[in-house]
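J.: Submitted below is the structure of interest, expressed as structure tokens.
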Amino acid sequence: MTHRGDRTLAATGLARVEGEGSMYVRVGDGLVEEVRLDIYEPPRFFEAFLAGRSFAEPPDITARICGICPVAYQTSACQAIEEACGVTLPGPLADLRRLLYCGEWISSHTLHVYMLHAPDFLGYPGAVELARDHRGIVERGLSLRRVANSIMELLGGRSIHPVNVRVGGFYRVPSAAELAPLAGQLRGALGLALDTVRWVAGFDFPDFRSGHELLALREPGRYPIERGTLVSSAGLEFTAAEFEQHVIEEQVPHSTALHARLAGRDGSYLTGPLARYTLNSQWLPPAASAAAREAGLGPVCRNPFQSIVVRAVEIVCAIEEALALIEAYQPPDQPFVPAVPRAGTGHGVSEAPRGVLYHRYELDQDAIVRSARIVPPTSQNQAAIQDDLRVFVQDRLDLADEPLTRACEQAIRNYDPCISCATHFLTLQVDRG
Amino acid sequence: MTIGPEEERRGIVVIGVGNEFRRDDGIGPEVLSRLHGQAADGVRLVASDGEPARMIEAWTGARLAVVIDAVLANPPPPAPSSPPTSASPCPGRLHRIVVDRTPTPDVHTVSSHGLGLGQSVALARALDRMPERLIVHAVEVSDVGHGVGLTPAVAAAADALTAAVLRDLRPAAIP
């Protein structure tokens, strides 16, 4: 197969619960002319579905948007509605919310590192083949997932689509005695997580630098997870309430999906592990910080292929944070702060495993949601992924179509978009001019 | 109906796979909710999104695992005037598949889960984490788009599917 002349790579037919999409690359005269990543966005359906619902319902309903990060959706929803109602969570309830979110980070990152991303670096078509040759390694990943599920089941009521979260806190909170066994599990998991960092740090990483402006939350003094102020690598700083002044979503001609950009900027921006790490690495807890150094990460990481190392470091971070939260836990007097609805608008933002997740709700005086807005990380990253793919493909045009397609799949998985759950999600079609 | 401590120790689990916000994909959760109060004490009822690590975690060590999932009727059902064949898609039609521990052709359930049941089974085999007995109840569905509520044909199958699962849970049916 020749790679001179024009060719088209078309990737279609993606179908799964959390996301659907396709990829299209057009090459002409040895130059990449167009890269297009179309991702269907379930939140758009949910925005319409939420209108007319009670103010108490969004946390449960939006948890169904994504099977991988329901806590992120619940948390951003709760924070937005709590802001609209003037509710502030006291320390113990806020800590439990962070603890639950740690469970989701461990779960989601472990899934991505072990089941989806590592096989790419080790030359396996998927996790099944990796497991046949390296059973112990995959078992380590499952052990980490088990700890994450324990957190989710204890605090969330079950490991998928948690049912114990409500506006103002939880339906039921655990006793200190109930949390104690979790601490034992987490102490064991810390070693597994550190081994994970060492394992992935030894992979070969293509030399690639993503130059996008980075956007993440920041909460000075600790690594941002469930809340914070938005900051960017180019000096932006704004609150959740100012999100829509700074993040503009707009229709683009070739796609039904909205593309996000930062107001006043020409280029795309990136949210997610690289952004979080680069903007907050100084606030990693001790073991995670040491693991990052040992893995060769500096204070800044701009190679998307190394996102697997950052995710592994963030697993360590989440375990350390969870242990500290359990150690300091004092059960709250009440499992939730009663929220008295009032007409108004609230905004919530948190760091989903894939990046910044923004919610806005407008409530009327009858406690009914009049409008909802959800901006997920994958749609924010879409333009940046396309920009990086353009450079990535240009540098690899000497590859045959099949290896190039596989390379594109791996490159897309660096960003852990929801569509990444399909181990092989690209099919190839060649059109010659 | 109760089961003894031996059965409970060895574990019986029913896993309802699906998402009730993806129309017919909600058949797994729907049947799971019907089983509450009908399944024996000690039978674990687990809601799942079908993600392999969670599936494997749910059935590891189980004496019997019963999975309820949707299969997409694709291509769409033929026009009413077309003569039906056994291969024609038929929303609401039930399939009961006993999956062996040893390699057999993969079970291809609904594609909306991305990593499907076939992957879970393959990974479980690679890790020697298959349940002693795995029964899959697959329902042909026609609409897994965003929205709530089952299509009439699939909703009409829920009773029969629930009964079929309960038959598999009868002590006499468990080896």
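J.: Does any residue of segment A:21-30 turn out to be of a type outside the set (Ser, Thr, Tyr), buried (at least 19 other Cβ atoms within 10 Å of the Cβ), over 23 Å from the mean Cα position of the chain (by Cα) and at pLDDT below 90?
T.: Applying the first criterion (of a type outside the set (Ser, Thr, Tyr)) to segment A:21-30 yields A:21, A:23, A:25-30.
Restricting the remaining residues to those that are buried (at least 19 other Cβ atoms within 10 Å of the Cβ) gives A:21, A:23, A:25, A:27.
Checking the rest, the ones that are also over 23 Å from the mean Cα position of the chain (by Cα) come to A:25, A:27.
Right, trim to at pLDDT below 90 and you get A:25, A:27.
Yes, the conditions are met somewhere in segment A:21-30.
J.: So B:Arg101 passes all but one of these: (1) basic (Lys, Arg); (2) at pLDDT 85 or above; (3) not in a helix (DSSP H, G or I). Which condition number does it fail?
T.: Going through the list (1) basic (Lys, Arg); (2) at pLDDT 85 or above; (3) not in a helix (DSSP H, G or I), B:Arg101 breaks only (2).
J.: Sticking with this one: When segment A:170-213 is examined, which residues are found to be in contact with a helix residue (DSSP H, G or I) (Cβ under 8 Å, 6 or more places away or on another chain), under 30 Å from A:Arg390 (Cβ atoms) and at pLDDT 95 or above?
T.: Within segment A:170-213, A:Val200, A:Ala201, A:Phe203, A:Asp204, A:Phe205, A:His212 meet the criteria.
J.: Every residue in segment A:111-136 that is more than 22 Å from A:Val313 (Cα to Cα), surrounded by 17 or more Cβ atoms within 10 Å (Cβ to Cβ) and out of contact with any helix residue (DSSP H, G or I) (no Cβ under 6 Å at 6 or more places or on another chain), please.
T.: Of everything in segment A:111-136, just one residue is more than 22 Å from A:Val313 (Cα to Cα), surrounded by 17 or more Cβ atoms within 10 Å (Cβ to Cβ) and out of contact with any helix residue (DSSP H, G or I) (no Cβ under 6 Å at 6 or more places or on another chain), namely A:Glu129.
J.: Can you say whether A:Tyr329 is in contact with a His (Cβ under 8 Å, 6 or more places away or on another chain), assigned by TED's automatic domain parsing to the domain that holds A:Leu96 and in contact (Cβ under 8 Å) with a residue 40 or more places away in the chain, as far as the supplied structure shows? Even if it seems obvious, please write down each step before you answer.
T.: On the way: in contact with a His (Cβ under 8 Å, 6 or more places away or on another chain): no; assigned by TED's automatic domain parsing to the domain that holds A:Leu96: yes; in contact (Cβ under 8 Å) with a residue 40 or more places away in the chain: yes.
Considered against the rule, which asks whether it is in contact with a His (Cβ under 8 Å, 6 or more places away or on another chain), assigned by TED's automatic domain parsing to the domain that holds A:Leu96 and in contact (Cβ under 8 Å) with a residue 40 or more places away in the chain, A:Tyr329 comes out as no.
J.: Also: In segment B:32-56, which residues are hydroxyl-bearing (Ser, Thr, Tyr) and farther than 30 Å from A:Ala127 by Cα?
T.: First, pick out the residues of segment B:32-56 that are hydroxyl-bearing (Ser, Thr, Tyr): B:33, B:48.
Result: B:Ser33, single match.
J.: Residues of segment A:80-104 being among the small types (Gly, Ala, Ser) and within 14 Å of chain B (Cβ to nearest Cβ), which ones?
T.: If we filter segment A:80-104 for residues that are among the small types (Gly, Ala, Ser), which is where we start, we get A:80, A:84, A:86, A:91, A:94, A:103.
Correct list: A:Gly103 only.
J.: Restricting attention to segment B:74-87, does a residue exist that is modelled with pLDDT of 85 or more and either more than 14 Å from chain A (Cβ to nearest Cβ) or more than 24 Å from B:Val165 (Cα to Cα) (or both)?
T.: In the first step, residues of segment B:74-87 are kept if they are modelled with pLDDT of 85 or more; the result is none.
Scanning segment B:74-87 turns up no residue that is modelled with pLDDT of 85 or more and either more than 14 Å from chain A (Cβ to nearest Cβ) or more than 24 Å from B:Val165 (Cα to Cα) (or both).
J.: Does A:Tyr277 fit the bill of being more than 20 Å from the chain's Cα centre (by Cα), in the same structural domain as A:Arg97 (by TED's automatic domain parsing) and hydroxyl-bearing (Ser, Thr, Tyr)?
T.: Values: more than 20 Å from the chain's Cα centre (by Cα): no; in the same structural domain as A:Arg97 (by TED's automatic domain parsing): yes; hydroxyl-bearing (Ser, Thr, Tyr): yes.
No: the conditions fail for A:Tyr277.
J.: Can I ask one more? So which of A:Ser108, A:Ser143 ends up being polar (S, T, N, Q), surrounded by fewer than 18 Cβ atoms within 10 Å (Cβ to Cβ) and either over 16 Å from A:Val200 (Cα atoms) or within 19 Å of the chain's Cα centre (by Cα) (or both)? Lay out the reasoning, then the answer.
T.: Details: A:Ser108 fails: surrounded by fewer than 18 Cβ atoms within 10 Å (Cβ to Cβ).
So the residue among A:Ser108, A:Ser143 that is polar (S, T, N, Q), surrounded by fewer than 18 Cβ atoms within 10 Å (Cβ to Cβ) and either over 16 Å from A:Val200 (Cα atoms) or within 19 Å of the chain's Cα centre (by Cα) (or both) is A:Ser143.
J.: Looking only at segment A:185-231, how many residues end up being free of Cβ contacts under 8 Å to residues at least 24 places away in the same chain and closer than 19 Å to A:Gln410 by Cα?
T.: 1
A quick yes/no check of all residues on (1) hydrophobic (A, V, I, L, M, F, W, C); (2) modelled with pLDDT of 90 or more; (3) surrounded by fewer than 24 Cβ atoms within 10 Å (Cβ to Cβ):
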residue	(1), (2), (3)
A:Arg354	no, yes, no
A:Leu357	yes, yes, no
A:Leu399	yes, no, yes
A:Pro403	no, no, yes
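J.: Identify the single condition in (1) surrounded by 23 or more Cβ atoms within 10 Å (Cβ to Cβ); (2) in contact with a strand residue (DSSP E or B) (Cβ under 7 Å, 6 or more places away or on another chain) that A:Ala193 does not satisfy, given that it satisfies every other one.
T.: (2)
J.: Scan segment A:233-245 for residues that are of a type in the set (S, T, N, Q) and crowded, with 22+ Cβ neighbours inside 10 Å and jot them down. First the steps, then the outcome.
T.: Going residue by residue through segment A:233-245, those that are of a type in the set (S, T, N, Q) are A:233, A:239, A:245.
Answer for segment A:233-245, where residues must be of a type in the set (S, T, N, Q) and crowded, with 22+ Cβ neighbours inside 10 Å: there is none.
J.: Any residue that is assigned to a strand (DSSP E or B), closer than 26 Å to A:Phe46 by Cα and in contact with a strand residue (DSSP E or B) (Cβ under 9 Å, 6 or more places away or on another chain) - is there at least one of those in segment A:374-392?
T.: Yes - at least one qualifying residue is present in segment A:374-392.
J.: Moving on to the next point. Working only within segment A:341-379, note down all residues that are of a type in the set (Phe, Trp, Tyr) and within 21 Å of the chain's Cα centre (by Cα).
T.: Keep residues of segment A:341-379 that are of a type in the set (Phe, Trp, Tyr), which gives A:358, A:361.
Within segment A:341-379, A:Tyr358 is the sole residue that qualifies.
J.: Filtering segment A:51-75 down to residues that are more than 17 Å from A:Ala94 (Cα to Cα) and assigned to a helix (DSSP H, G or I), which residue is modelled with the highest pLDDT? Quick ask: steps written out before the conclusion?
T.: Let us first name the residues in segment A:51-75 that are more than 17 Å from A:Ala94 (Cα to Cα), namely A:51-58, A:60-70.
Keeping just the survivors that are assigned to a helix (DSSP H, G or I) gives A:58, A:60-62, A:70.
Numbers: A:Pro58: 96, A:Asp60: 92, A:Ile61: 91, A:Thr62: 89, A:Pro70: 91.
In this case the residue turns out to be A:Pro58.
J.: Quick test for you: out of A:Gln330, A:Gln245, pick the one residue that is among the polar types (S, T, N, Q) and assigned to a loop (DSSP other than H, G, I, E, B).
T.: On the way: A:Gln245 fails: assigned to a loop (DSSP other than H, G, I, E, B).
When all the criteria are applied, what remains is A:Gln330.
The values are calculated or read from the model by the stated rules, or taken from the named source; none is laboratory data. It should be emphasised that the depicted structure is a prediction, and the values quoted were computed from it without experimental measurement. Cβ sites come from the backbone with ideal geometry, for glycine too, and all protein chains shown count toward neighbours.
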